[in-house]
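Values in this text are rule-based calculations from the coordinates and carry no lab data. Here the structure is a predicted model, which is why all the values come from computation and not from measurement. Cβ atoms come from the backbone with ideal geometry, glycine included; neighbour counts cover every protein chain shown.
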Protein chains: 2
Amino acid sequence: MPQLGLLPRRACAALLSQLLRPPCAYSPGVVHCHSQGTRDLSPQQMVVREKVLDLVVSCFKRHGAKGLDTPAFELKELLTEKYGEDSGLIYDLKDQGGELLSLRYDLTVPFARYLAMNKVKKMKRYHVGKVWRRESPTMVQGRYREFCQCDFDIAGQFDSMIPDAECLKIMCEILSGLQLGDFLIKVNDRRIVDGMFAVCGVPESKFRAIGSSIDKLDKMSWKDVRHEMVAKKGLAPEVADQIGDYVQCHGGVTLVEQMFQDPRLSQNKRALEGLEDLKLLFEYLTLFGISEKISFDLSLVRGLDYYTGVIYEAILLQTPAQAGEEPLSVGSVAAGGRYDGLVGMFDPKGHNVPCVGLSIGVERIFSIVEQRMKTSGEKVRTTETQVFVATPQNNFLQERLKLIAELWDAGIKAEMLYKNNPKLLTQLHYCENMGIPLVVIIGEQELKEGVIKLRSVASREEVAIKHENLVAEIRKRLSES
Amino acid sequence: MPQLGLLPRRACAALLSQLLRPPCAYSPGVVHCHSQGTRDLSPQQMVVREKVLDLVVSCFKRHGAKGLDTPAFELKELLTEKYGEDSGLIYDLKDQGGELLSLRYDLTVPFARYLAMNKVKKMKRYHVGKVWRRESPTMVQGRYREFCQCDFDIAGQFDSMIPDAECLKIMCEILSGLQLGDFLIKVNDRRIVDGMFAVCGVPESKFRAIGSSIDKLDKMSWKDVRHEMVAKKGLAPEVADQIGDYVQCHGGVTLVEQMFQDPRLSQNKRALEGLEDLKLLFEYLTLFGISEKISFDLSLVRGLDYYTGVIYEAILLQTPAQAGEEPLSVGSVAAGGRYDGLVGMFDPKGHNVPCVGLSIGVERIFSIVEQRMKTSGEKVRTTETQVFVATPQNNFLQERLKLIAELWDAGIKAEMLYKNNPKLLTQLHYCENMGIPLVVIIGEQELKEGVIKLRSVASREEVAIKHENLVAEIRKRLSES
C-alpha cells in the first residue's frame, strides 16, 4: 500500500489558500446572493444539480438505501448541544404560539431523532434535503445560508467496521463517478483523538475546544492554531507542542501499525480501541480496492460533538483545471463518521442505536461542475423539448394546437410559440437558440395533402410525412439520436 | 360539448362531506404527526412520492419548462399582503439580527420576486418544493404544516388564452396520468367574479371578503355561506340572494354564451372581458380535446389576492374506491390562475410581467395513492437492490467483500449482511423479505472451482457461473425480468 507523503498535503494547502477570496468569485454566471445570505438557483444551475444528485442518489440506491424525509424544522430543544461551537448558527423560528422551533442544521440529528421516536433498530437510509445555517455573510468559503446535503447512514448493531468500510466505498464511488479529479479521504478515530489529547496532557474539559482548533489546520497554519490553543484556550505550550508532533502524522496502514508502537499512545485504552478498528477498516478497504485513496491522518478531528468512533473527510487534490480555467476552492467535498451515542439522546430510556454515515458536500461539487461547464463553453440545455410545432402561414393556430396536443398525448416533449401568427423565421430561430432538434411544420399545402413536414434543425433537411405516421417517425428519429 | 349537470356537483358534495373527519383518518399506515404539525415521511411514503413526482415533473418537462429553485425563506415584507385572509398562517423566523424573514407560503410569490429581481420578461418554469403554513392542527382537511407543492407557470406577454389553455391541458395530462379516477376542472375569471359582485350591489371594499365566503361553498352549504356574508360581513340580504342566483350556475361553453346575454352581467365591462376570454379558452380546450373535463363555474373564486384573470381548480369526482376501501377525502387536487399584477409589486418601477400557472396538490394525491396501495395489499419495495451476496460458510467475509465491490463497480445494486458469519437461512430470508430477486453465493467449493452460484429467489433455482461471466449473466437476467 503506497505511502501518502507530503505532496497531497502541499497540493491541498495551495488550493485551500484559494479560500481567501470573496464568495462571489466561485459562483459562475450571474448569481444574485440575497441580502439574507441565500440565493435563487437558475435553470442552468438546476440542470447541474439534477445531474449530480442523480448520480449521488443512484449510488445510495446501489448500496440498498431507503429514502426518508424529515421536516425542515424540529423542536428547538432537540437541536441544542449537538453541534459544539456551531450551535449559534442555528436558525430559530419566531415564537408565534406553540412549541419553539428551529430549522434543521444537518440531516443527521433528525435521522437519529426519527430512529429513537419510531424505535427503529436497523436502517440504511439516504436523505437529500436542504439545511440552514446562519453563517456570517463575510465567511470566506463562498457558503450560502441555505444549502443542500446528501446523506447516507447505516444504523444498527453490526460486526465491527463493515458498514464503516461501505461508507468509505460509497464516497469513493461518488467522487470517482463525478470525475472531479484525484481525491483523498482522511481517516481518524475520535478515540484516537481523545487518547492523543489525554497522553499529551490536555485536561478533559478542554478536549472539544482544542479539537475544534486542530480542526482548523486545513485552513490555518500550525503556528496560528498553536497560538489559538495557547493564548486563547489556555493550553500549556509544551502540551501544544506534543500535539503538534502527532498532528503532522499521516499515511496508510503502516502508520496505524506505527502508532500501535507509539510509547505514549499505546498506553491509552481508548486510543488502542480506535487503532484496532482502523486496522480492520484498512483490511476491508483493501478488499474493496480503495485503500490507496485513504490516509490515516492524526490532524483530522471533525468539529461536531456527536462523533464517537471513526471519522473521515474527503478532499480534492486538484481541480479539474485546464489552461485558462480559474482555480476553484476545494476543501472538503464529503465527510462523516460514527456516532453511536446520538440516538440514545432522543430515547426516553437512553437506548442506543450505533450509527455510521456520510454526507456529500454537493454544493461545492455543484460549483466545480458549473465552473467546468462555463470554462468548456459547453452550451447547457435547460429544457428537454424534442419537437417544435411551427407554421409558415397566418391563421394556423388551430391546426398547431391540435397537432401539439397530439404530440403531448404521445409523450413527446413539444413546444410552440404562444402567438396567433408568428413568423416562420422567428419559430426556427427559437429552435436553434433552445437546441430543439426537430420541427414539425404545418401549412395549407400540408393540410391539403394530409402530411406534416418534419425538419431536422441541425441539417435543415425537410421531409413530408403522412400525418398518421408522424408520431412513429418522430420516435424513430429521437431513438436514433 | 356535453352539459355538466347536477350529478358531478352532488357526487362532489357527498365526497366533500368526508372532509369532516379527523386528519389521521386519511393517512395510511402509521404516521407520527409531530406536535409541531409536521411529520416524517417513511420509506414507503417516499416511494409513492418519487413515483408521483416523476410523473408530474416529466409532464412539466414535456411542456418545455425549465427548473428553478428559490430559498425556503424570503424577506418578511415580501410576503405580506399577498395572501388575503391567510396571511396569518405565515411562519416568521426569529429576529436573530439582520433582515426579518419568513418561510415561503407558496412557490408563486417567490417566482414573481425572481422574475422582477432578474428582470426576466419571459419564462416557463416548474418548481417542486416544500412550503409552510401555520394551519391550525385541528383543521379538518388532514393538512400538515409542511407540504410539497409542484408548480408550473408561464410568464410573458403572449396572445390571449394560449398559455392559459396549456395550463389546463397540463392539469388534465397529470390527473389522467396518475389514474386517480374521473375529475373535473372548474373555471371562472376574477373579472367575472368582480363583475358579478358589482352588478349585485356588493360595495367594492367588500369584494375580497365576500369572495372568501363564496370560496367556502365547496365545504359549506349556501345557507351557511349566506349567513356568514350577511351576519358577519354586513352584506344586505337581497344582495346576498342575487349572488346566490349566480353562484349556482355551472356548465360548459353554452353557459358562457348565456352569460353574455345576462341583462345585468353584460352591462359590466370587466365581466365582459372575462367572458370573452373564457369563450376563447373553451375554443382552445376543444382543440386540445379536453373541453368535456372543464366546467365554467360561477361559484369558483379562489382566495388568494393576486389572481387577476382566469382561475381554475380541479376536483376528483370519485375516489378510486373498491369494495371495502375506505372513502377518501378529495377536494381540490390542482389549482391555479392568471396573476398579471404580481411581478409589478416587486419591480421598483412597477413593470409588470403577465403570468399564468398552476399548482398540483400532490399531498392529497400522495394520500390517495398510498391509500390505494394499502387497500390493494400490494407490497411496496422500499429498496431497489438487485443482488444479494451470500455465503453458506464461516470465514468468508473477505470473499463476500471482494465480490460485492465487484458488483457495485459494475453498477449492480447489491447488498450483504454486515456480519462476519451469518447463517445461510438468515441471508435467504432477508432476500425474500426485501424482495431481492437474485442471490450470488460463494463458498469453499465455488472458490475452488472458480465459480459463483447464482440463485433466483422466486424459483429457488441455482446455477454455477464462471466468476468472470457473473456480471454479464446478472445483467442479462435483470434485463429479462
Nm distances between copies for A:Q261, ranked from closest, using label points 7 Å along Cα→Cβ: 10.4
Mean separation of Cα contacts under 8 Å, 6 or more apart, over the residue count of chain A: relative contact order %: 18
For residues of B:397-403, the mean tally of beta carbons on other chains within 10 Å: 4
Per-pair calculated FRET efficiency, R0 = 22 Å: B:D409 and A:L55 via Cβ, rounded to 0.05: 0.90
Amide proton proximity set for A:N420, modelled H, under 5 Å, gap of 5+: B:D159
Calculated FRET value between B:R270 and A:N433, using beta carbons and R₀ = 35 Å, to 0.05: 0.40
Count, lysine Cα pairs under 26 Å in segment B:219-282, 8 or more residues apart or across chains: 5
Proximal lysines relative to B:K94, as straight alpha-carbon distance under 27 Å, when same-chain residues fewer than 8 apart are discounted: A:K76, A:K82, A:K94, A:K130, B:K76, B:K82, B:K130
Within segment A:58-77, backbone nitrogen closer than 20 Å to the virtual label 7 Å beyond the Cα of B:R477 toward Cβ: A:62-65
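Once you keep just the Cα pairs under 8 angstrom separated by 6 or more residues, what percentage relative contact order results for segment A:335-375?
Normalised by residue count, the contact order of segment A:335-375 is 37 percent.
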Nonlocal amide H pairs with B:I294, under 5 Å, H built at 1.01 Å: B:I185
Chain B, rotation onto A, residue closest to that axis via Cβ, with its distance in Å: B:K94, 2
Percent of beta bridges antiparallel (DSSP, the protein assembly as shown, rounded to nearest 5): 80
222 nm mean residue ellipticity, helices alone, for the protein assembly as shown (DSSP H n ≥ 4; -39,500 (n - 2.57); rounded to 500): -11500 deg cm²/dmol
Cβ crowding within 10 Å averaged over residues, with B:74-84, B:59-69, B:273-283 ranked highest first: B:59-69, B:273-283, B:74-84
J(HN,Hα) series, segment A:277-287, from Karplus relation 6.51 cos²θ - 1.76 cosθ + 1.60, nearest Hz, glycine and proline x: 5, 5, 4, 5, 4, 4, 4, 5, 5, 5, 5
GluC sites (Glu not before Pro) within segment B:348-412: DSSP coil, no more than 12 neighbouring Cβ in 10 Å: B:E378
Shielding score for B:34-41, defined as the mean number of other chain Cβ atoms within 10 Å: 6
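For chain A, rounded, prolate or oblate, judged on the Cα gyration tensor with a ≥ b ≥ c (square roots of eigenvalues), a/c < 1.5 rounded, else prolate if a/b > b/c?
prolate
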Residues whose placed amide H lies under 5 Å from that of A:K94, excluding near-sequence neighbours: B:D92, B:L93, B:K94
Partner aspartates and glutamates for A:K419 [C-alpha distance under 12 Å; skip if fewer than 8 residues away on the same chain]: B:D159
Reference-scaled alpha-carbon Rg (2.2 N^0.38 Å with N residues) for the protein assembly as shown: 1.04
Ranked by how many other beta carbons lie within 10 Å on average, peptides A:305-314, B:227-236 from highest: A:305-314, B:227-236
Cα long-axis angle, helix B:190-200 against chain B (0 to 90 degrees, to the nearest 10): 30
Cα gyration tensor shape of segment B:33-108, rounded if a/c is under 1.5, else prolate or oblate by comparing a/b with b/c: oblate
Simple spin-label estimate for B:L100 and B:K279 in nanometres, 7 Å along Cα-Cβ: 4.8
Among beta bridges that DSSP assigns inside segment B:385-462, antiparallel share in %, nearest 5: 45
Cα gyration tensor, segment A:70-152 - rounded (a/c under 1.5), prolate or oblate: oblate
Under 17 Å from B:K413, Cα to Cα: lysines that are on another chain or at least 8 residues apart: A:K61, A:K66, A:K124, A:K169, B:K402, B:K476
Principal-axis tilt of helix A:108-117 within chain A, Cα atoms, nearest 10 degrees: 80
Residue-averaged beta-carbon neighbours from other chains (10 angstrom radius) around A:46-53: 2
